[in-house]
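Working notes, structure below.
Read-outs throughout are calculated quantities, based only on the coordinates presented, and are distinct from any laboratory measurement. Because the structure is predicted, anything quoted here is derived from the model rather than measured. All Cβ positions, glycine included, derive from the backbone under ideal geometry; neighbour counts span all protein chains shown.
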Amino acid sequence: MARSRRPRKPVTLRESAVGLPRWALVPAGAGALFVVLPLAALVSRVDWTRFGSLITSDASLAALELSLRTSAASTLLCLVFGMPMALVLARSRFVGQDLLRSVVLLPLVLPPVVGGIALLYTFGRRGLLGHALEVAGVQIAFSTIAVVLAQTFVALPFLVVSLEGALRSAGHRYDVVAASLGAGPTTVLFRVTLPLVLPGLLSGAVLAFARALGEFGATITFAGSLQGVTRTLPLEIYLQREADADAAVALSVVLMVVAVVVIAFARRGKGVL
């Protein structure tokens, strides 16, 4: 007769903090307050009587819709380019690999406005590629496409870092077994490798989406701020800060709520977060 399992007792803070120095709780709490207090202050300044009208104005809705649309497009580009990049960095060895990884991750530490200037001198009218595109009748700078490229530039490293870490943690023993059974490299990738690292891939994609959603510096430098075309929600918040502070606060809360939802989704994916 099978023995019945006793229900597990909930883990208390004392039990879960074994080996944790008590002094660490003080700076940890101070750090948490440093993050929570500004967010609480922001929420406290919301004019809730006008909140609905403030976030449903034509300019606000257009900015939110554009942000969601361009962030989704940039996330797709991050997947298209980031997955192969992470795979190459994690599963191969070649001369200059560390340099390539440093260049790929450079947008993580580079000021976004510098990235915007770099994109402008690449795809602008007089840029490295922009001049040839202009002759062909294609204008990228200060268009919706420029918004997507700016967001992709700053968001791509987040997916690469997340997926490369997941690939290294998963190892390649299952790939070797599948290859020994006759599976080709592409089959191994899509039938073995990616399913194993799917949580990390999803987490990286969500992080890339969140970073694209909050992008400001590279966007305003490379794409400008034209309502309905390039003015995303962060740009709308910046402009409303001078014209209508209540609207800026309300839109900031909306962006914060979207970010919380995105982070919660990434946590459910059990990736790097």
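Full extension of the chain between residue 139 and residue 264 yields a length gain of 41.2 nm, computed as 0.36 nm times the residue separation minus the alpha carbon distance.
Computed from the Cα positions only, the extents of the chain along the three principal axes stand at 71, 52, 39 Å, in decreasing order.
Overall, the stretch 50-268 carries a charge dipole of about 680 debye about its Cα centre when +1 sits on the Cβ of Lys and Arg and -1 on the Cβ of Asp and Glu, all other atoms neutral. Positive contributions from Lys and Arg (+1) and negative ones from Asp and Glu (-1), summed over other residues with Cβ under 13 Å from the Cβ of residue 248, come out at -2.
Taking 7 Å steps out from each Cα toward its Cβ at residue 246 and residue 100 produces label points 5.6 nm apart. Spin-label model, residue 113 to residue 49: label points 7 Å out along the Cα-to-beta-carbon direction sit 3.8 nm apart.
Ordering 112, 35, 230 by the projection of their Cα atoms onto the charge dipole of the chain, which places +1 on the Cβ of Lys and Arg and -1 on the Cβ of Asp and Glu, puts 35 at the extreme positive end.
Full extension of the segment from residue 23 to residue 59, taken as 0.36 nm per residue of separation minus the current Cα-Cα distance, would add 8.1 nm. Arranged from fewest to most other beta-carbon atoms within 10 Å of their beta carbon, 242, 134, 164 become 242, 134, 164.
Think of it as helices only: each DSSP H run of n ≥ 4 in the chain is worth -39500 (n - 2.57), and spread over all residues that comes to -21500 deg cm²/dmol at 222 nm. Counting every other Cβ atom within 10 Å of each residue's Cβ, 83, 256 order from fewest to most as 256, 83.
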